[in-house]
Structure formats: C-alpha cells, structure tokens
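Student: This is the structure I want to talk about, given as structure tokens.
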Amino acid sequence: MLPLPPLPEQRRIAAALSDADELVASLNKLIEKKKRVKEGAMQRLLSGETRLPGFGGKKFKQTDLGSIPDDWELKKLGEILKIGNGKDYKHLPEGDVPVYGTGGLMTYVNEFLHEGETVCIGRKGTIDEPQYHEGRIWTVDTLFYTYDFNGIVPKFLFYLSKRIDWQSYNTATGVPSLTAVAIQGIPVKVPPLSEQRAIAAVLSDMDAEIAALSRERAEAARIKQGMMQELLTGKTRLAEGE
C-alpha cells in the first residue's frame, strides 16, 4: 500500500513539486535558446558575415570557400599547425596529468605528451567532436592533438573546428577515421590574430553563460529530487499556507 497524506496536503505537495518542475523546464528552455544564439553567432562571426566593432570594412573577395572579408586569408590547417599522435598510456604510473580519448577524460597519469593550449581531433570513432584543452595532457592513439600554432589562436581554432564537416573527410568505410594528411589539407577562413582573439572571447563568454545555467539546472533538479524524497515519504510535512 502507498502512504497517502490527507487531500489538502496532497495538493500542497503537488503544487510544490510542480513549481520545481517549472523551474527546471524554464532553465531547459533558456539553455536551448542560449545555444541557438551561440550557434548563430558562430555561423556569422566565423564566416566573416558579421564583423565585431572595430574590425575590417565591407570589402570581400572570392575564394574556394566562397566570399570572405578582404583582410582574411584562406589557409590549410597544415600551414597553421602541427598534428601530434596520441599514444598508449597503460604502462604509465598514476599521476595528475589527464588522459583524454575521443569520449573525453579517461584517467590520470604521471607523464604528458603536450603542455599548453591544444585542440584535439578524433582520429578514429568520434571524429566530429573537437576538444579544447590547456595545460599538460596525454591523448590516446584515437585522438590527435595540435601544436606549434602559426597565425592561429588555439581557442579560435577550437570554435572554427566545430564548424568543419569532419565526416566529409572520413577515410574509412567502417569506423569513421581521419588521417593527419587529410586534416592538414582542410582549408579554413582565417581572420587577423586580433580579430581571432576577439571572436574567441565572445564565444567563450557565451559558453560560460551556458555552463552556469547548466549548473543552475542541475542544482534545481537535485533540489527537486530531494523534495520528492522528503515530501512523498512524509519525512517533511507541508503545513497549510506553505
């Protein structure tokens, strides 16, 4: 049998939990709206369709990737960065250096393959989810890392890489795969360094706002679960007027 409180208390409990549901739902809607705004901003800023205040004029030129601002360049990734191969980590002792694969964080070891900023690109499996990292990292052999950046800001490259159709560069018929050679040949639109930094800052601020809202949503969901546990078991009672 289910423990049932008196009808008036049932109504108060249902109202309290409905309010909690509405808060989570409103945060979900706000997060999705912010994500759409960010996607639109990425499309416009990374294509040169929209310029941030203080950057460039209205002149455009035609390239193999279509029209780009006159002061932008078309570069192949191999011209602006180098690609490093991930390696097996299982022989390494445990430490404080994170090990990443295509799915994200895997474990921690005591050595590193790269130190500093990097954009990691999947070699096999999940090839269309680039990752941005700072500091010391180790990557497994299914994940490339990039280094020796020349004329490209790593954080800008990260956002730029999220607009690349990686599947179109897939070199396998089975499990999706990328080669370093294929990545090096990918053409990208490159604005001046100062504009790259400004664009990266704008998009990073948007990411930070979305992350903060996601944490708020997680906390609201946690509180709702706690309320259900307390109210539906009778551990906490809602008196009239609460």
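Student: For the range 196-210, state whether one or more residues are in the same structural domain as Ile13 (by TED's automatic domain parsing), over 22 Å from the mean Cα position of the chain (by Cα) and among the hydroxyl-bearing types (Ser, Thr, Tyr).
Tutor: Among the residues of the range 196-210, not one is in the same structural domain as Ile13 (by TED's automatic domain parsing), over 22 Å from the mean Cα position of the chain (by Cα) and among the hydroxyl-bearing types (Ser, Thr, Tyr), which makes the answer no.
Student: Check the range 180-203 and report whether any residue there is over 23 Å from Tyr89 (Cβ atoms), in contact with a helix residue (DSSP H, G or I) (Cβ under 6 Å, 6 or more places away or on another chain), in a loop (DSSP other than H, G, I, E, B) and not small (Gly, Ala, Ser).
Tutor: yes
Student: Within the range 79-113, restricting attention to residues that are more than 23 Å from the chain's Cα centre (by Cα) and outside any loop (DSSP other than H, G, I, E, B), which residue is farthest from Ala182 (Cα to Cα)?
Tutor: Going through the qualifying residues, I end up with Val109.
Student: For the range 145-161, name all the residues that are buried (at least 16 other Cβ atoms within 10 Å of the Cβ) and either without any contact (Cβ under 8 Å) to a residue 12 or more places away in the chain or in contact with a helix residue (DSSP H, G or I) (Cβ under 7 Å, 6 or more places away or on another chain) (or both).
Tutor: Selection gives Phe149, Ile152, Val153, Lys155, Phe156, Tyr159, Leu160.
Residue by residue, here is whether (1) farther than 23 Å from Arg51 by Cβ; (2) aliphatic (A, V, I, L, M); (3) at pLDDT below 95; (4) surrounded by fewer than 20 Cβ atoms within 10 Å (Cβ to Cβ) holds:
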| position | (1), (2), (3), (4) |
| --- | --- |
| Trp166 | yes, no, no, no |
| Ala172 | yes, yes, yes, yes |
| Val181 | yes, yes, no, yes |
| Leu193 | no, yes, no, yes |
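Student: Assuming Leu4 fulfils every condition listed in (1) over 27 Å from Asp207 (Cβ atoms); (2) of a type outside the set (Gly, Ala, Ser); (3) part of a helix (DSSP H, G or I) apart from one, which condition is it?
Tutor: Just one mismatch for Leu4, condition (3).
Student: Please find, within the range 213-242, the residue that is farthest from Leu4 (Cα to Cα) out of those that are in a helix (DSSP H, G or I) and among the aliphatic types (A, V, I, L, M). It would help to see each step written out before you state the result.
Tutor: If we filter the range 213-242 for residues that are in a helix (DSSP H, G or I), which is where we start, we get 213-231.
Narrowing the set further to residues that are among the aliphatic types (A, V, I, L, M) leaves 213, 218, 220-221, 223, 227-228, 231.
Details: Leu213: 36, Ala218: 29, Ala220: 26, Ala221: 24, Ile223: 22, Met227: 16, Met228: 14, Leu231: 11 Å.
Checking each candidate, the answer is Leu213.
Student: Can you tell me how many residues within the range 56-91 are touching a residue at least 60 places away in the same chain (Cβ under 8 Å), closer than 17 Å to Leu193 by Cα and surrounded by fewer than 18 Cβ atoms within 10 Å (Cβ to Cβ)?
Tutor: Within the range 56-91, residues that are touching a residue at least 60 places away in the same chain (Cβ under 8 Å), closer than 17 Å to Leu193 by Cα and surrounded by fewer than 18 Cβ atoms within 10 Å (Cβ to Cβ) number 7.
The values are calculated or read from the model by the stated rules, or taken from the named source; none is laboratory data. Just so we're clear, the structure is a prediction, and the values are computed from it rather than from any experiment. Every residue, glycine as well, gets a Cβ built from its backbone with ideal geometry; the counts of neighbours run over all protein chains shown.
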